[in-house]
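Heads up, the thing below is written out as structure tokens.
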Amino acid sequence: MDTSRLLLLVYMVITTSECSETAEPGCHKLDTKTRKLNEGEAFHFVHDNLDINVPDEEITWFNNNQTEITADENETVHYHGRSLFFLNLLPEDSGLYSTRHNTSSGKCTNYTIRVYVLKKFVFEPIINSDITKKVRCPSHVSHTCTTLRGELTWNKDNKTLHGQNEYTLWVENAKKKDEGIYTCVCTWTHNGKKYNTSGHRNLTVQGVKVSYRKLQIISPTNEEQLADEGMNS
């Protein structure tokens, strides 16, 4: 073997060794969360399985193109530690987002969320035979309000329901007039500005079911029937 070929072989062995030592180990990937959101609103996301005590420096967020998301809070899409913020959702924000957690011990975990931005998304309708209807605020709204200490309000068909500030709205003795789109709205503050996150539920009131017993004709057990005295035969 000539000298040039020997040097090339040595170089390839050294390069391969260095790459194998510096390559990032494979990340463990958890199930992808999915959120359907309203255009023009804001959204705050923290993955359920990501520990609250994770240091910020161990977290990195990526967008659809695997481009690192900025931590600049002046940008409409940015992250702060475990939290991903969308401050003005647009259709082009739809896609897959992931956060990589690299621990000091060398372990790596990927947490992903798929976002769909729609004009107006109405969650599954509420249709049941209950007299009192239970309208739950969608989880992404209630979680945001709890985490960011926001203020929750309700409206029905865009009309404010005064005094309703809980995550569950009860409609007592529901009637047809109570049908409609119920919306819970969380108003929260970020960097001195107020943002809204909302969720819509469609309530349908079923008509009252009336049951009829089948008419049953009971035949006499005896062919001969007796009548009281004085009755026409």
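Where a number appears in this text, it was derived from the coordinates with a stated rule and is not lab data. Bear in mind that the values here come from a model prediction, so they are computed numbers and not experimental data. Glycine also receives a Cβ, built like all others from the backbone with ideal geometry; neighbour counts cover every protein chain displayed.
Legend: ranking of residues D178, D48 from fewest to most surrounding C-beta atoms inside 10 Å; resulting order D48, D178.
Values of log10 I(q)/I(0) for the range 122-205 across q = 0.11, 0.14, 0.21, 0.25 Å⁻¹ run -0.29, -0.46, -0.93, -1.22, by the Debye formula with one identical scatterer at each alpha carbon and no solvent.
Its Cα gyration tensor gives the range 64-139 an equivalent ellipsoid, and the semi-axes of that ellipsoid, as √(5λ) in whole Å with the largest first, are 33, 18, 12. Rounded to the nearest 20 debye, the dipole magnitude of the range 72-146 is 360 debye, with +1 charges on Lys and Arg beta carbons, -1 on Asp and Glu beta carbons, and the Cα centre as origin.
Rounded to whole numbers, the Karplus 3J(HN,Hα) couplings from phi for the range 147-162 are 5, 9, 6, x, 10, 9, 9, 10, 9, 10, 6, 6, 10, 4, 9, 5 Hz, using 6.51 cos²θ - 1.76 cosθ + 1.60 with θ = phi - 60°, and x at Gly and Pro. Derived from the Cα gyration tensor, the three semi-axes of the equivalent ellipsoid of the range 24-118 are 23, 14, 11 Å, largest first.
Placing +1 on the Cβ of every Lys and Arg and -1 on the Cβ of every Asp and Glu, with nothing else charged, gives the range 24-118 a dipole about its Cα centre of roughly 460 debye. In order along the range 91-96, the phi-based Karplus estimate (6.51 cos²θ - 1.76 cosθ + 1.60, θ = phi - 60°) of 3J(HN,Hα) comes to x, 6, 7, 4, x, 9 Hz; Gly and Pro are listed as x.
Run down the lysines and flag those whose C-alpha is under 17 Å from the C-alpha of K119, throwing out any fewer than 8 positions away in its chain. Within the straight-line cut-off, K119 pairs with K36.
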